[in-house]
Structure formats: C-alpha cells, structure tokens
Amino acid sequence: MTMETRLEEEAQRVRCSATELLLLEQWEEYIGLYTRFISLCESGDAAGEDSRTLRRILCGALCNRAEARLRLGDSAGAAGDCDRALDLDPSHPRARVCKGKALLSQDRYSAAGDCFRSAIKASSDSPGLLDRCVKLEAQSKTGIFDLSHWILDGCHGDPPELAEFVGPVEIRRAEGSGGGRGLFATRNVEAGTTLVATKAVATGRGILPESPAMAGETARLVLWKDLVERLLEAAGKCGRTLELIYQLSGGEGEGELPVPDIRRFLPEAEQPLQVQARALDVDRILKILDVNCMTDDAAAAEVLGKKKMMAAGVGLWLLASLVNHSCCPNARRLHVGDHLLVHASRDIKAGEEITFSYVDALAPLGKRRTALAATWGFRCGCRRCEFEEAAPYGGELREKAAAMAAAAAPAAVAAWLEEAMGKRWGVKDREKKGFLRASFWGAYAAAYASEREANKWARRLTAEEEAAESVAEAVGGDGRLLEVLVAGAKRRRRTESPRDQERLLKMARRVYGKVAKKKAAFRTLIAKALLLNS
C-alpha cells in the first residue's frame with residue numbers, strides 16, 4: 001500500500017470522526033483531531049512526499065481546522081492555517097474564502113475583499129461574502145450607517161452588521177484630567193455625525209430582577225463573571241486585541257501612560273504597526289475593565305428593540321473608553337447589538353474634546369456630584385459645574401433643587417427659575433440659560449406634561465421648543481427633550497407642520513445620530529421615544 005493510499009484512508013477515517021464532532025459542535029475536540037492528522041501528514045515519510053494528493057489532503061485538513069477555529073473566535077489561528085494551505089496551493093479557493101472570513105472577523109475589509117475576489121475568479125461561491133465586504137468597507141471609510149430598514153421593521157431580529165469606523169478624532173492629553181488622555185475633534189463636526197463605531201471586545205448580558213435585592217446582586221455578579229471570562233478569552237486569542245486593551249488606563253498613573261497613535265485602533269492598519277508579544281496579565285486586565293467597562297445606554301437599548309426585562313448589558317469598547325466625562329457633554333453613545341456608535345449630540349468645534357456625561361446630565365449640580373463621587377470617585381470641574389457653583393445665586397439654586405425633589409408641584413420651580421433668570425439675575429447668555437434649565441429639567445417636563453399644565457404655566461414659562469433647544473445646545477440632545485418637543489407638537493396639533501417636523505428631526509439626530517436616511521425611520525424612533533417614558 002502506497003503512502004498516498006494510507007493517507008487517503010486515514011483522511012477518510014478522520015472525516016467520519018470529525019463529522020460527528022461537528023454535529024455535536026465540539027469544536028475543541030474537532031480541532032485536536034485535525035491537529036493530530038496534520039502532524040501525521042507533515043511527519044516521517046509523509047513529509048517527504050511531494051505529491052498532488054498529499055497537498056490536497058493537507059490543504060483540506062488545514063481549511064477544516066481553520067473553519068473550526070473561526071467558530072471559536074480564533075481568527076488569527078484560522079488565518080495562519082489558511083496561509084499554510086495557500087503556501088501549498090496558492091490558488092486553493094476554499095483557503096482563500098476561509099482566510100477572507102478570518103480577515104472579515106478582524107474588520108480588515110479591504111484585504112478580506114481581495115481574498116473573496118480571488119476565490120470568485122476560481123469559481124468559488126463567495127459573491128455574498130464579497131458584497132458584505134464592499135458594504136462594510138464603505139461604512140468604515142464614510143461613517144455612514146443607515147439603519148432605516150431595521151428601524152422600520154420594528155428593530156426585530158438580529159441587528160444589522162456594522163463596520164468599525166474611526167472618524168475625525170485624535171487622541172491627546174486632556175486638560176484637568178491628571179495627565180490623562182482623551183478624544184478630540186480634528187475638524188468642525190455637525191450634531192448627529194458619527195465619530196466612532198466599534199464592536200465590543202466582550203459583552204455580558206442578562207436579566208436583572210427588580211427584587212429581591214440579594215437576587216439582583218447575585219445576578220450582577222454572574223453578569224460580571226461572564227464579561228470577565230469572555231474578555232480574557234478574547235485577549236488570549238488575539239495579540240492585537242491584548243495590545244489595545246493594554247493601551248487603556250487601569251486607574252493609576254494616568255500621566256505616565258503614553259498617548260497611543262489612533263491608527264492603532266484602525267483594523268486595516270494592523271500590519272504596519274508592531275504588535276508586541278505580551279503575557280496575559282489578569283490582574284492588570286481586571287483593573288482596566290473596572291475603570292473602562294460601560295453599560296448599555298438604557299434609552300438607546302430599549303428604543304433599538306431590546307425587551308424591558310433585558311435591562312443589563314455591560315461590555316468593553318476600546319476607543320470609546322478614552323472618552324472623558326463632562327456635565328455639558330457633546331457626544332452620546334448608541335448601542336446596536338454589540339456595536340457602539342458614538343455621535344455628536346451637538347455641534348463640535350475643531351480641537352474640542354469629545355465628552356460623555358457619566359451621570360444624568362439633566363440633574364442639579366448636587367445630585368450630579370453625589371453620583372460621580374459614589375460611582376467614579378472624582379469631582380467634575382467642567383465649565384457648567386464651575387458656573388453653577390460660582391454663581392452668586394448658587395445658594396438659591398441648591399434650595400430649589402431640594403424643593404423640587406420633594407415638591408408636589410415641581411412645575412412651580414421651573415416658573416420660578418424663568419422669572420429669576422430674567423428679572424433678578426439678568427442671565428442673558430443662551431448657554432448659561434441652557435445649563436440652568438438642564439439642571440431643573442424635571443420641573444420643566446412637569447410643566448409641559450399636559451395641555452392643562454402647559455396652559456396653567458404658559459405666561460410664566462418660555463415655550464417648550466425654546467427651552468428644549470437651549471438645553472440641547474448646552475448639554476447635547478436627550479430623549480427627554482425629544483419627548484417634550486413631540487408632546488408640544490401634538491398638543492398644538494402641528495405634528496405634520498414642516499417647521500415642527502424639522503425641529504423634531506433635528507433633535508432626533510442629536511439623540512440617535514444620523515442612523516436613518518428615511519424620515520419615516522426617524523418618525524418611528526420618535527414614536528418609540530414617547531412610548532419609552534409613558
């Protein structure tokens with residue numbers, strides 16, 4: 001019996017065993033089976049054979065192992081197997097398709113597209129994969145994400161596939177952050193513009209019961225454990241991922257951390273940048289995760305189709321982790337599946353730092369500071385906080401904030417604030433008015449809540465569109481501002497008027513970003529925003 005015949009028979013036995021493992025989805029055992037067979041093909045007399053049969057068998061085995069590695073998220077290992085197969089047979093179509101899949105999972109759309117194009121020329125069935133690459137590559141270059149069809153379909157089914165995107169931003173030292181780093185705009189940006197789109201390195205999701213308290217705490221611990229396991233697994237499989245995780249702060253020595261080149265976060269730039277061989281430092285990764293993990297934005301999560309019970313979602317999104325806090329933020333994040341889209345929630349000037357609010361931006365100064373201290377352990381010194389603290393009428397603001405929390409008629413607080421800003425304090429600056437209205441937005445929302453309340457306070461309050469837009473310009477868009485605008489348009493029975501529609505669409509883009517080209521899709525988002533808080 002020739003060596004070729006023995007290898008053919010052994011390959012057939014391996015395929016039979018592998019089929020059983022494939023049906024059971026036992027991928028680790030599947031990979032082990034093919035690893036032993038590949039070693040057999042490359043050892044002893046078989047390694048000395050230089051026949052077409054041996055190359056064909058070995059290429060098939062490498063491709064099978066690569067597909068299994070992709071199932072386990074090991075794209076680097078899969079790409080390595082495909083490269084070995086292509087060394088044996090440069091025109092092997094299946095190896096090219098499989099390598100394209102590995103590159104696609106690494107968000108290297110252009111290189112993946114080249115693999116699929118080569119496979120098509122070899123009569124392989126990969127047009128659908130190539131179309132995906134073309135679409136994702138366009139997204140990664142333009143930052144244009146159109147979710148219209150998904151939104152109009154009620155956000156049912158799996159979210160649409162989104163590309164990694166880095167927009168007009170750079171990483172620099174941030175003032176007033178102890179030497180820490182931040183993201184900064186490299187040009188003027190219009191509200192709604194996508195700044196960053198990125199997929200989570202790892203996420204943890206689950207249902208958190210409202211009660212009892214201990215059951216909820218146990219569920220959170222399970223959620224955190226799930227996230228940690230997924231993150232360590234992802235970091236252990238990909239050197240580039242681990243390298244990028246190590247670019248983040250672990251909460252100590254902020255000023256000593258280098259400012260990474262933002263090109264490191266571009267998937268297509270993986271090859272020209274050096275990836276150091278690093279050990280998996282679990283303690284360091286846990287510290288990084290503790291400082292940088294984010295929860296799904298509750299409003300965005302529900303509006304984009306998640307059930308109310310699926311309240312818990314935590315994850316690590318690398319580049320977005322560099323966005324610092326401000327109580328007058330200029331950006332919001334939108335969660336679509338495991339992707340996070342960061343968009344400008346108000347107009348941003350070139351050189352301005354990109355910021356989120358880590359706490360409720362529509363809350364009084366004292367409440368914001370208490371929340372920041374409890375959760376994040378720092379005191380905010382943004383221009384809004386400085387203005388509210390230094391204002392000669394700061395004591396009155398604190399008194400009214402306490403009164404608003406206990407008042408049966410909080411709308412009276414909004415009426416008091418409007419009169420005080422105009423008659424006693426002489427606040428004329430639109431941004432400062434926006435800051436104060438934002439801090440007492442709960443009172444304004446109560447005043448605009450119904451036609452009866454709106455009529456009652458009409459003479460003492462500014463119109464809801466003026467109040468909402470001044471707040472949006474000062475602290476960015478928010479679903480609660482959009483809700484007030486929609487309610488006001490309905491009350492005036494002018495929901496179809498061009499002026500009101502344009503105002504609503506403008507606010508919707510501040511809240512959700514420019515994620516829909518069709519106005520009907522934005523109307524659906526607006527309707528869902530109303531239902532969210534009803």
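The values are calculated or read from the model by the stated rules, or taken from the named source; none is laboratory data. These numbers were taken from a predicted model, which means no experiment stands behind them. Virtual Cβ from ideal backbone geometry, glycine too; neighbours counted across all protein chains shown. What goes into the accessible areas is simple: the full protein's heavy atoms, side chains included, and nothing from ligands, DNA or RNA. Shrake-Rupley method; radii C 1.70, N 1.55, O 1.52, S 1.80 Å.
Counting other C-beta atoms within 10 Å, and keeping those with at most 11, which DSSP coil trypsin sites (Lys or Arg not before Pro) do you find in the range 337-400?
On the way: sites: 346, 349, 367, 368, 369, 379, 383, 384, 398, 400; in loops: 346, 349, 379.
Within the range 337-400, the qualifying trypsin sites (Lys or Arg not before Pro) (loop, at most 11 other Cβ atoms within 10 Å) are 349, 379.
Against the empirical 2.2 N^0.38 Å scaling, what ratio does the C-alpha Rg of the range 423-463 come to? Working shown, then result.
Values: Rg = 11.4 Å, N = 41, 2.2 N^0.38 = 9.0 Å.
For the range 423-463, the normalised Cα radius of gyration is 1.26.
Give me the accessible area of residue 144, 1.4 Å probe, in Å² rounded to the nearest 10.
Surface accessible to solvent at residue 144 totals approximately 100 Å².
Please work out the C-alpha center-to-center distance from the range 322-374 to the range 418-478 and express it in whole Å.
Rounded to whole Å, the Cα centres lie 21 Å apart.
Give me the net charge of residue 387's neighbourhood, meaning all other residues with Cβ under 10 Å from the Cβ of residue 387; Lys, Arg count +1, Asp, Glu -1.
Values: positive: 383, 384, 432; negative: 386, 388, 389, 429, 431.
Once all neighbours under 10 Å are counted, the net charge is -2.
What relative contact order, as a whole-number percentage, does the chain give when Cα pairs under 8 Å and 6 or more residues apart are counted? Please list the in-between numbers first.
Numbers: 820 pairs, mean separation 71.7, N = 534.
Value for the chain: 13 percent.
Kindly provide the trypsin sites (Lys or Arg not before Pro) of the range 409-467 that DSSP labels as loop, not H, G, I, E or B, and whose Cβ sees at most 16 other Cβ atoms within 10 Å. Display every interim value, and only then the final one.
Numbers: sites: 423, 424, 428, 430, 432, 433, 437, 452, 456, 459, 460; in loops: 428, 459, 460.
Here the trypsin sites (Lys or Arg not before Pro) that fit, given the DSSP loop and packing criteria, are 428, 459, 460.
To the nearest 0.05, what FRET efficiency results for residue 460 and residue 286 with a Förster distance of 60 Å applied to their C-beta separation? Mind dumping the intermediate values first?
Working: r = 53 Å, r/R0 = 0.89.
For R0 = 60 Å, the calculated efficiency reads 0.65.
At a 1.4 Å probe radius, carbon and sulfur cover how many percent of the accessible area of the chain?
Numbers: 13060 of 25720 Å².
That share works out to 51 percent.
For q values of 0.12, 0.19, 0.21, 0.22 Å⁻¹, compute log₁₀ I(q)/I(0) with the Debye formula on a Cα-only model of the range 376-449, without solvent.
After summing over all Cα pairs, the log10 values are -0.33, -0.80, -0.96, -1.04.
Would you kindly derive the ³J(HN,Hα) couplings of the range 252-261 from the backbone phi angles with the Karplus curve 6.51 cos²θ - 1.76 cosθ + 1.60 (θ = phi - 60°), listing them in order in whole Hz, with x for Gly and Pro?
For the range 252-261, the Karplus curve yields 10, x, 4, x, 8, 6, x, 8, x, 5 Hz.
Sticking with the crude label model, points 7 Å out along Cα→Cβ, report the distance from residue 13 to residue 105 in nm, one decimal please.
3.0 nm
Give me the number: length gained by fully extending residue 190 to residue 233, i.e. 0.36 nm times residue separation minus the C-alpha to C-alpha distance, one decimal in nm. Could the numbers behind the result be given before it?
Details: separation 43, 0.36 × 43 = 15.48 nm, distance 3.85 nm.
Length difference between fully extended and current span is 11.6 nm.
Can you compute the equivalent ellipsoid semi-axes for the range 413-528, i.e. the square root of 5 times each eigenvalue of the Cα gyration tensor, sorted largest first and rounded to whole Å? Walk me through the numbers on the way to the answer.
Values: eigenvalues 129, 54, 22 Å².
Semi-axis lengths for the range 413-528 are 25, 16, 11 Å.
Determine the order of 74, 87 by accessible area, beginning with the largest, at a probe radius of 1.4 Å. Could you put the intermediate results ahead of the total?
On the way: 74 35, 87 125 Å².
Listed by decreasing accessible area, they come as 87, 74.
Do the sum for the chain: with -39,500 (n - 2.57) for every DSSP H run of n ≥ 4, divided by all residues, what is the mean residue ellipticity at 222 nm, to the nearest 500 deg cm²/dmol? Each step should come with its number before you reach the end.
On the way: 24 runs with 291 residues, N = 534.
It lands at -17000 deg cm²/dmol.
Which log10 I(q)/I(0) values does the chain give at q = 0.07, 0.09, 0.11, 0.12 Å⁻¹ under the Debye formula, counting every alpha carbon as one identical point scatterer?
-0.49, -0.75, -1.03, -1.18
Across bins of 10 angstrom width beginning at 0, how are the C-alpha pair distances of the range 152-202 distributed, in whole percent?
19, 33, 33, 11, 4
Taking θ as phi - 60°, what are the ³J(HN,Hα) couplings along the range 418-432 by the Karplus curve (6.51, -1.76, 1.60), each to the nearest whole Hz, with x for Gly and Pro?
Coupling constants for the range 418-432: 4, 5, 5, 4, x, 8, 9, 9, x, 7, 10, 5, 5, 5, 5 Hz.
I need the Debye-formula profile for the range 91-192: one equal scatterer per C-alpha, no solvent, reported as log10 I(q)/I(0) at q = 0.13, 0.14, 0.24 1/Å, two decimals.
Debye curve over Cα of the range 91-192, log10 I(q)/I(0) at q = 0.13, 0.14, 0.24 Å⁻¹: -0.66, -0.73, -1.15.
HN-Hα J couplings of the range 74-80 from phi, Karplus 6.51/-1.76/1.60, θ = phi - 60°, integer Hz, Gly and Pro as x?
8, 5, 5, x, 5, 4, x
At 1.4 Å probe size, put 121, 99 in order of accessible surface, largest to smallest.
Numbers: 121 180, 99 45 Å².
Sorted by accessible area, descending: 121, 99.
Quick one: Kirkwood hydrodynamic radius for the range 66-141, alpha-carbon pairs, angstrom, one decimal? Walk me through the intermediate numbers first.
Numbers: mean 1/r = 0.0832 Å⁻¹.
12.0 Å is the Kirkwood radius here.
Once the Cβ-Cβ distance between residue 170 and residue 386 is put in as r, and R0 is 35 Å, what FRET efficiency do you end up with, to the nearest 0.05? Spell out each step's value before the answer.
Values: r = 26 Å, r/R0 = 0.74.
So, using R0 = 35 Å, E works out to roughly 0.85.
Which order do 107, 283 take when ranked by solvent-accessible area (1.4 Å probe, heavy atoms of all protein chains), largest first? Mind showing how you got there, number by number?
On the way: 107 35, 283 110 Å².
So the residues, ranked largest to smallest area, are 283, 107.
Please give the per residue accessible area of the chain, computed with a probe of 1.4 Å over protein heavy atoms only, in Å². Can you show the working numbers first?
Working: 25720 Å² over 534 residues.
Dividing the accessible area of the chain by its residue count gives 48 Å².
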